[in-house]
Amino acid sequence: MFVTVYQAVNNLHKQPNSVGLARLERNPTIEGQRVGLRLMPNPTYQAENPMKILIRNLDRNTTEAELRSLFTAHGSVQSCTLVTDKDTGHSKGFGYVEMPKVGEAKAAIKQLNGQQIGINKIRVKKAEPKPNDNNAAQADDE
């Protein structure tokens, strides 16, 4: 007799998630019968896509490091981009942050939207994909 043990794969690290597997016995039994174990990917598991967040009305003196630390206080940050003018290199007053965990991203949006940062009240929301973006079709499916 074999028992299938489903495994969730953490796509961020490309390694199996062993949470819960450490408690499996070396020679497991069910109703007194020894069983073999098969480890298979979980068919219902779906990895979370990172959430891209748009931050507007930033003080022009805000740095990328300051923006990153603002969001790191609410969870892990995958990337942070402060949009700058090509000619002058000065901030345009908005930027993007990507957070790998959607729950943390939603909490950050809720807590930071309308917060006074420097002299401005920032506006924070989920970034919408560009109409010609290949990921736009995926975002519509969710």
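The values are calculated or read from the model by the stated rules, or taken from the named source; none is laboratory data. Nothing here was measured: the structure is a model prediction, and the numbers come from that model. Methodologically, a virtual Cβ is constructed for each residue, glycine included, from the backbone with ideal geometry; neighbour enumeration extends over all protein chains shown.
Quick notes
- The condition of being farther than 16 Å from residue 66 by Cα, at pLDDT 95 or above and either of a type in the set (Ser, Thr, Tyr) or assigned to a helix (DSSP H, G or I) (or both) holds for residue 107.
- Top-ranked residue in segment 89-129 [being among the small types (Gly, Ala, Ser) and free of Cβ contacts under 8 Å to residues at least 40 places away in the same chain; ranked as nearest to residue 50 (Cα to Cα)]: 103
- Test: residue in segment 107-123 that is in contact with a Gly (Cβ under 6 Å, 6 or more places away or on another chain), surrounded by 14 or more Cβ atoms within 10 Å (Cβ to Cβ), β-branched (Val, Ile, Thr) and on the phi < 0 side of the Ramachandran plot: no
- Here residue 97 meets the list (1) in contact with a Phe, Trp or Tyr (Cβ under 8 Å, 6 or more places away or on another chain); (2) surrounded by 15 or more Cβ atoms within 10 Å (Cβ to Cβ); (3) of a type outside the set (S, T, N, Q); (4) modelled with pLDDT under 95 almost entirely, failing just condition (4).
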